[in-house]
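Shown next, in structure tokens, is the structure this report addresses.
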Amino acid sequence: MPGDIVRPSAMYKQLADRLAEAIAAGEYGPGSMLPSETQLMERYQVSRPTVRSAIAELRSMGLVESQHGKGSFVRTHGLPAAVIKRTISRSSKGFALGWPGEEAELPAVTRGEATGITATLLDRDEADVFITDRLLKDPATGARATHRTVIPFDVAEQLPTLAKHPDAEPADIYTALTAAGHTLSWTETVTARNALPDERADLDLTDGSPILITYRVTTTEDGRPLILEELRVSADTAQLAFHITVK
């Protein structure tokens, strides 16, 4: 029968592959609900744990999302609604960012140490840093984003305004660094992965949702890192836009 599963290979992976093929063939279109656990058990003659593991596999593949009490739905891969412009401009009034977003809640400031990728990008292993976390919202679409600014203590000590107000807006930080005599440049790296539990909560995402992560490093003219910014957004509801200038 077409629905039969060949044993004894990993059952849940076989089932996940069959369902992925059905999604690719259009049997289950974007936004449509997959058959219930009971229906899948009966159709493929497998156990409930196998069905649940297969659905989890589909979530990890980014093909479906599960809604508590409703079921599993095929993800819609349309054009993201929010366009986040990753641009920086400067005028006589200071710096401006292409997409500042609106703060959904007050920023949270903590002190910590630079570790992992933060230490690598700032070139400061276990250095003391100020960390400011913001929850942002796109006013037009409601898409959410988290933004983190990391300022090393040695940078803040050179600028009393940063030491006193580490939660300053990034554009204001750029202005302060420039006023201190720095000629700034920026490097940005973008990566993607499935959201972690705390990220799903902050961004209001379901299991298996992919996110985009950008790391923007502000450096001096000779390449010394000054501050780090991290932006996390849903890959389904937002897209990043960059303006490229050739000199």
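Laboratory data are not the source of any read-out in this text; all were calculated from the coordinates shown. Everything numeric here is computed off the predicted structure, so don't read it as measured data. Neighbour counts are summed over all protein chains in view; Cβ atoms, including those assigned to glycine, are modelled from backbone coordinates with ideal geometry.
In a reduced charge model with +1 at each Lys and Arg Cβ and -1 at each Asp and Glu Cβ, region 82-241 shows a dipole moment near 500 debye about its Cα centre.
For a test of the definition: using alpha carbon positions, the gyration tensor, and the 1.5 limit on a/c, classify region 11-74 as rounded, prolate or oblate. Rounded. Rounded to the nearest 20 debye, the dipole size of region 1-160 about its Cα centre is 520 debye, using +1 on the Cβ of Lys and Arg and -1 on the Cβ of Asp and Glu.
Along the axis of the charge dipole computed for the chain (Cβ charges of +1 for Lys and Arg, -1 for Asp and Glu, origin at the Cα centre), the listed residues 210, 160, 121 are led at the positive end by 210.
Ordering 243, 165 by the number of other Cβ atoms within 10 Å of each residue's own Cβ, fewest first, gives 243, 165. For region 94-133, GluC sites (Glu not before Pro) are listed when DSSP marks them as loop and at most 15 other Cβ atoms sit within 10 Å of their Cβ; the list is 105, 126. A simple charge model with +1 on the Cβ of Lys and Arg, -1 on the Cβ of Asp and Glu and nothing else charged puts the dipole of region 11-74 at about 160 debye relative to its Cα centre.
Under the rule of -39500 (n - 2.57) per DSSP H run of 4 or more residues, summed and divided by the residues of the chain, what mean residue ellipticity at 222 nm is obtained, to the nearest 500 deg cm²/dmol? List each step's numbers first, then the result.
Numbers: 8 runs with 70 residues, N = 247.
Helix-only estimate at 222 nm: -8000 deg cm²/dmol.
For residue 70, a cut-off of 25 angstrom between C-alpha atoms picks up these lysines, skipping any fewer than 8 places away in its own chain: 13. The residues 73, 130, when put in order of fewest to most other Cβ atoms within 10 Å, stand as 73, 130.
Looking at region 211-247, the GluC sites (Glu not before Pro) that sit in a DSSP loop and have at most 13 other Cβ atoms within 10 Å of their own Cβ are 221.
Positive end of the dipole of the chain (Cβ unit charges, origin at the Cα centre): among 225, 20, 178, the Cα lying farthest that way belongs to 20. A Gaussian network model of the chain, with springs between Cα atoms under 10 Å, assigns the largest mean-square fluctuation among 100, 35, 225 to 35. Could you tell me the center-to-center distance, by alpha carbons, between region 62-76 and region 109-147 in angstrom? A separation of 30 Å, based on Cα centres.
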